[in-house]
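**Q** Quick one: the structure is below, and I'll ask about it shortly.
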Amino acid sequence: MGILPILIPGFVVIILMIVFSSIDNDVPKVDLDLIHAKGVDKTARIIDIETQYNISINGVHPTIIHYSYNDNGQDRVSKYRVLEDRKIQDFGVGTEIDIKLYQGSSIILGLKPYNLEKGLFLLILFPFLVVGAPFLAYYVYHLLKEIKLYKHGNLMQGRLISSIQKRGLPFSNIGHSVSVLYEYEINGQRMVGESKTDDLSFVNNQPGDLIPIFVSNSNPKNSCVVPKQEAFRNSWNIKFE
């Protein structure tokens, strides 16, 4: 519930950003302000006009204008993408246009270049983050609390009250777990604890069976069951009935 709303749209956004980055590389990057400040005016001639029909911004397709110009006796070509249909409606192959040139980079005067706003795709993640983040924060909080109990908790015996399986997600079964309800005593006072674990061996226990648990030193109300798999994997030398 916490990871999937972030992971799935995040994967889609990454793919979209890769695709649009490749599209954005169709035209050279220019420093608009620098060229306006230090560039020299020249005349260029349009050699091709390319409309990017696979992209639409408010119903308008970006247009890449290919043009050639003379730079100190050498013929050069460049490209410029715009999103202004009305201003270029009279443009065609052979049309002369005014450009500004500085150190090999050029811009078409009177037309604002259009660059794909890849950062906007990150906004797609925002509503999913709003939904998924609380679930993820809740899970991480309880996970860190359990890890603290594993490291510093007192090993005690609890008595099983019930163990209920909770099914995971369809097909993948991710999240399949067991909710274990148990009781234990601290200085003669009865405590009831509930712990969620992916150790399905607790399903085989019967109500009344003794099970090992970790109890917090600072707050006896905080406790968790000892997962058998973790105990064996980490050689905790804990006895299980």
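**Q** List the extent of the Cα atoms of segment 143-241 along each of their three principal axes, largest first, rounded to whole Å.
**A** Computed over the Cα atoms, the extents are 46, 27, 23 Å.
**Q** Also, I was wondering about something else. Scan [x] 52; [y] 60; [z] 45 for the value of percent of Cα pairs over 27 Å apart calculated from this model and give just the label.
**A** [y]
**Q** Can you give me the relative contact order of segment 140-241 as a percent, contacts being Cα pairs under 8 Å and 6 or more apart?
**A** Values: 187 pairs, mean separation 29.1, N = 102.
Reported as a whole number, the value is 28 percent.
**Q** Under 23 Å between C-alpha atoms is the cut-off here; go through segment 29-163 and count lysine pairs that meet it, provided they're at least eight residues apart or on different chains.
**A** So the count works out to 21.
**Q** Rounded to the nearest 500, what is the chain's calculated 222 nm mean residue ellipticity when only DSSP H runs of at least 4 contribute -39500 (n - 2.57) each, over all residues?
**A** Details: 4 runs with 62 residues, N = 241.
One gets -8500 deg cm²/dmol as the mean residue ellipticity at 222 nm.
**Q** Next question, about the same structure. Rolling a 1.4 Å sphere over the protein heavy atoms, what is the accessible area per residue of segment 93-241, to the nearest Å²?
**A** 65
**Q** Additional query: Carbon and sulfur: what percent of the chain's accessible surface (1.4 Å probe)?
**A** 56
**Q** For the pair E84 and S177, what calculated FRET efficiency results from E = 1/(1 + (r/R0)^6), where r is the Cβ-Cβ distance and R0 = 51 Å, to the nearest 0.05?
**A** 0.35
**Q** May I pose another question? Averaging sequence separations of C-alpha pairs under 8 Å and six or more residues apart, then dividing by the length of the chain, give the relative contact order as a whole percent.
**A** RCO, the chain: 16 percent.
**Q** Can you grab the distance from the C-alpha centre of segment 46-110 to the C-alpha centre of segment 193-231, Å, no decimals?
**A** Answer, in whole Å: 69.
**Q** Once the Cα atoms of helix 125-152 and of the chain are each reduced to a long axis, what angle between those two axes, in degrees from 0 to 90 to the nearest 10, is obtained?
**A** 40
**Q** May I pose another question? Can you tell me the orientation of helix 4-24 relative to the chain, as the angle in degrees between its alpha-carbon axis and the longest Cα principal axis, to the nearest 10?
**A** Once rounded, one gets 20 degrees.
The values are calculated or read from the model by the stated rules, or taken from the named source; none is laboratory data. It should be emphasised that the depicted structure is a prediction, and the values quoted were computed from it without experimental measurement. Cβ atoms come from the backbone with ideal geometry, glycine included; neighbour counts cover every protein chain shown. Heads up: the accessible areas ignore ligands, DNA and RNA and are worked out on the full protein's heavy atoms, side chains in. Shrake-Rupley method; radii C 1.70, N 1.55, O 1.52, S 1.80 Å.
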